[in-house]
């Protein structure tokens, strides 16, 4: 029997059941909206604590760059510690909220995908606390990887400024972009690997480190299927990015004719549609990983073994061979 392609099953799952992609959009955009609102309110609250004197207002009203920078420096003087406190509180709060929300969303989404592939047979795993704890652990590691990547980018800025002269900004920028690219690639691989490990938590009931070990084993045993899923979904992501950047050029090209609000709204709409497609593709890739575990692998064709006939049946004992033929006289 011909095996079913897990990549094709992933695309089919999100196209036949758009609720998978909509659920991914719902929790990601809800968290992003709440985080953006919280950051905006925190910024306004921080700005309300800054003292602005009449002299500062007078300097700001001059519209001279040097005087304006002096006024801003005077306004922000002594507020760095409050800003650092606000950033730490927001980072810890949003990080803890993301770990909890992402873990619950992964548990629900992966269980729904498992029900889709087991439709008509097979029991579903229950939402055991051990599975949620394992997902918490994986998402905690993902958050740690993101924090390490952010620190790596900051270190790239410091490194670029330390090894180059102040009059050579191009070399500083080149060093920063090179280090930042390497950091981004490392973070992408780690984040993808931990996302794959989450599938084993829900589908196979593994713990945090057991799921990570199972993900490594899957990459070794089903490397072709993993590569195919990553290639085709990555290609779809690239096509969506090219289309979005091409379409967004239309409102930007009409910026001199249309009102600025209409141009900004068009760019924002295209950006939101692009992120929606990306979330749909992420749900499809998760479906492909679940399909790899649920669908049978391609059967290995048995090697043909030669059939050995018995000597008694393969050779006629009455048939003369060359050694049995008498030689002619004189030979």
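The values are calculated or read from the model by the stated rules, or taken from the named source; none is laboratory data. These numbers come from a predicted model, not from an experiment. FYI the Cβ positions are ideal-geometry reconstructions off the backbone, even for glycines, and counts take in every protein chain you see.
Values as computed for the structure displayed
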item	result
Test for residue 118: is it over 18 Å from the mean Cα position of the chain (by Cα) and over 30 Å from residue 284 (Cβ atoms)	no
Unique residue being over 24 Å from residue 108 (Cβ atoms) and part of a helix (DSSP H, G or I) when the list is 155, 146	155
Residue list for region 268-295, filter: farther than 21 Å from residue 110 by Cα and in contact with a helix residue (DSSP H, G or I) (Cβ under 8 Å, 6 or more places away or on another chain)	270, 271, 273, 274
Unmet criterion (only one of (1) loosely packed, with under 15 Cβ neighbours inside 10 Å; (2) without any contact (Cβ under 8 Å) to a residue 60 or more places away in the chain; (3) under 30 Å from residue 118 (Cβ atoms); (4) in contact with a helix residue (DSSP H, G or I) (Cβ under 9 Å, 6 or more places away or on another chain)) for residue 193	(1)
Verdict on residue 118 being crowded, with 19+ Cβ neighbours inside 10 Å, modelled with pLDDT under 90 and within 27 Å of residue 9 (Cα to Cα)	no
Region 277-305 residues that are under 15 Å from residue 7 (Cβ atoms), paired with ones that are modelled with pLDDT of 60 or more and part of a loop (DSSP other than H, G, I, E, B) (beta carbon under 6 Å, 6 or more apart)	292/222; 295/4; 298/3
Positions within region 62-98 being outside any helix (DSSP H, G or I) and surrounded by 11 or more Cβ atoms within 10 Å (Cβ to Cβ), in sequence order	62, 64, 79
Residue match in region 253-265 (condition: crowded, with 17+ Cβ neighbours inside 10 Å, touching a helix residue (DSSP H, G or I) at 6+ places or on another chain (Cβ under 8 Å) and over 21 Å from residue 7 (Cβ atoms))	yes
Qualifying positions in region 170-186 - under 23 Å from the mean Cα position of the chain (by Cα), over 11 Å from residue 153 (Cα atoms) and either at pLDDT below 90 or surrounded by 13 or more Cβ atoms within 10 Å (Cβ to Cβ) (or both)	186
Filter result for residue 165 (outside any helix (DSSP H, G or I), at pLDDT below 85 and farther than 15 Å from residue 199 by Cα)	yes
Scan of region 244-259 for residues that are assigned to a helix (DSSP H, G or I) and free of Cβ contacts under 8 Å to residues at least 24 places away in the same chain, ordered by number	245, 246, 247, 249, 250, 251, 252, 253
Complete set of residues in region 208-233 that are touching a helix residue (DSSP H, G or I) at 6+ places or on another chain (Cβ under 9 Å), without any contact (Cβ under 8 Å) to a residue 60 or more places away in the chain, more than 30 Å from residue 129 (Cα to Cα) and surrounded by 12 or more Cβ atoms within 10 Å (Cβ to Cβ)	230
Region 19-50, subset closer than 25 Å to residue 69 by Cα and touching a helix residue (DSSP H, G or I) at 6+ places or on another chain (Cβ under 7 Å), residue surrounded by the fewest Cβ atoms within 10 Å (Cβ to Cβ)	49
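Each row is one residue, and each column tells you yes or no for (1) farther than 30 Å from residue 8 by Cβ; (2) at pLDDT below 60.
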position	(1), (2)
270	no, no
276	no, no
289	no, no
293	no, no
296	no, no
299	no, yes
313	yes, yes
316	yes, yes
321	yes, yes
